[in-house]
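Only one structure is covered here, and it is reproduced in the block below.
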Amino acid sequence: MPPQGQTTTSSWVLYENDATSEDKSVTQVPPSAEDRKWIIVWRNVILMAVLHIGGLYGAYLFLTKAMWTTCFFAVFLYICSGLGITAGAHRLWAHKSYKARLPLRILLTLFNTIAFQDSVIDWARDHRMHHKYSETDADPHNATRGFFFSHVGWLLVRKHPEIKNKGHTIDMSDLWADPVLRFQKKNYLLLMPLCCFVLPTMIPTLWGESLWNAYFVCALFRYTYVLNVTWLVNSAAHKWGDKPYDKDINPVETRPVSLVVLGEGFHNYHHTFPWDYKTAELGHYSLNLSKLFIDTMSLLGMAYDLKTVSRDVIEKRVKRTGDGSHYLWGWDDKD
Ligand code: ST9
Ligand code: ZN
Ligand code: ZN
């Protein structure tokens, strides 16, 4: 059952197809200037350090010693677990930018558990806070606290009290209503180690790989890699790039990031129109594998009610708040 305080209604518009709503009142709270306390959680610091050392060693084995089938499997797990975050936790559950039938919800929950970024319900709660209170103390990875904090530092310290103070304004009742997500959350401490570490280590032994190589390549390297590219959306994509849709916010468009995060690097667009299932205006498949996945699922009848934004609405917004880098001002309309 949802914990108390998680079922309040709110008027936020982050996942509704409310293309006319450009009410920024909820996102324009000025960043707090107070000095923030860093209450370091040493257990997390040590685990992250050990994970990254193991991940780097796994990268070395990936490049030098592992069987090609093992490397292929690691890339396969990267794509699957990545989709569990992009097409699952992010576009389906945090933003409700499309709807999914039960088999797809089960598949995406499995993929999401391989990614080990905590349960979908916890992930989506933080992410809804990130959009609603963007770049303030109530944003869990507030990018105004610097690159390191928004990348990984926020997972190494206690959360700012504002997150807990304002947390009750986020309605999570829709996700608590999904039995698949309730099952994942309830059994997370059993399912996550199995999906993220144990099975990725066991499966490559079927084609003769050593447990050692399989563990470091398919579990530690693949997991560390996916974590870091995901975190780039919070750090780099809030820092370096163009702002064709809204020059008054920090999120930017970054194609290099988009390539490795399966289409999630068009972050200025995404923060301007969060309910678009493409998380990008154009959504060319080469830079947006998640869109290819959702479109394929839609053809198979597994995904439906895909939300998007009309070109007219985008153009008006670009002209009103863009920084002038949009192709409407001469940029070549190609990916
Ligand atoms: C990870 C997540 O890495 C990464 C997320 C990235 C998001 C990116 C988004 C960008 C867009 C999408 C792009 C995708 C691209 C993907 C590409 C793939 C190829 N609202 O947390 P606690 C309250 S996870 C409301 O313990 P502490 C609540 O009452 C990595 N309330 O705070 C809560 O209790 P409960 C693996 C909230 O003690 C209570 O506070 N995981 C909210 O300060 C306590 O919460 C880890 O490393 C909220 N948002 O601890 C675990 N939040 O939960 C790391 C909290 O019972 N985390 N409350 O309701 C931790 O250890 C701890 O959370 C902590 C803070 C130490 C960081
Ligand atoms: Zn963001
Ligand atoms: Zn989002």
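Coordinate-derived values only; no laboratory data. Note that this is a predicted model, so its numbers are computed, not measured. Here Cβ is always computed from backbone atoms with ideal geometry, including for glycine, and neighbour counts include all displayed protein chains.
For the range 206-288, which trypsin sites (Lys or Arg not before Pro) are in a loop by DSSP, counting at most 15 other Cβ atoms within 10 Å? Don't jump to the answer; show the numbers that get you there.
Values: sites: 222, 239, 247, 278; in loops: 239, 247, 278.
Answer by residue number: 247.
What whole-number value in cubic angstrom gives the convex hull volume per residue for the C-alpha atoms of the range 90-225?
Considering the Cα atoms of the range 90-225, their hull volume per residue is 128 Å³.
Here the simple spin-label model places points 7 Å from the Cα toward Cβ, and for residue 327 and residue 147 these points are separated by 3.0 nm. Semi-axes of the equivalent ellipsoid of the range 42-320 are 30, 22, 20 Å, computed as sqrt(5λ) over the eigenvalues of the C-alpha gyration tensor in descending order.
Gain on full extension, evaluated as 0.36 nm per residue between residue 248 and residue 177 minus their Cα-Cα distance, stands at 22.0 nm. Legend: distances between Cα atoms for 247/316; 132/247; 37/239; 37/96; 185/243; 164/278; pairs beyond 25 Å are 37/96; 185/243; 164/278. Sketch the reach of a paramagnetic label on residue 75 as a point 7 Å from Cα along Cα-to-Cβ, and name the residues of the range 204-237 whose backbone nitrogen lies under 15 Å away. Residues 218, 222 qualify, since their backbone N sits under 15 Å from the label point.
Calculated from the alpha-carbon coordinates, the range 38-153 shows an Rg and a Dmax of 16.8, 46 Å respectively. Residues 90, 52, 141 in ascending order of nearby Cβ atoms (within 10 Å, fewest first): 52, 141, 90. Of the chymotrypsin sites (Phe, Trp or Tyr not before Pro) found in the range 235-335, the ones in coil according to DSSP and having at most 14 other Cβ atoms within 10 Å of their Cβ are 240, 331. In a fully extended conformation the segment linking residue 190 and residue 49 would gain 48.4 nm over its present Cα-Cα distance, using 0.36 nm per residue.
Extension gain, residue 255 to residue 101, is 52.3 nm, computed as 0.36 nm per intervening residue step minus the present C-alpha separation. The simple Förster model, with R0 at 35 Å and r as the Cβ-Cβ distance, assigns residue 65 and residue 41 a FRET efficiency of 0.50. Find how many whole Å separate the alpha carbon centroid of the range 243-295 from the alpha carbon centroid of the range 93-108. For the range 93-108 versus the range 243-295, the Cα centre distance is 19 Å.
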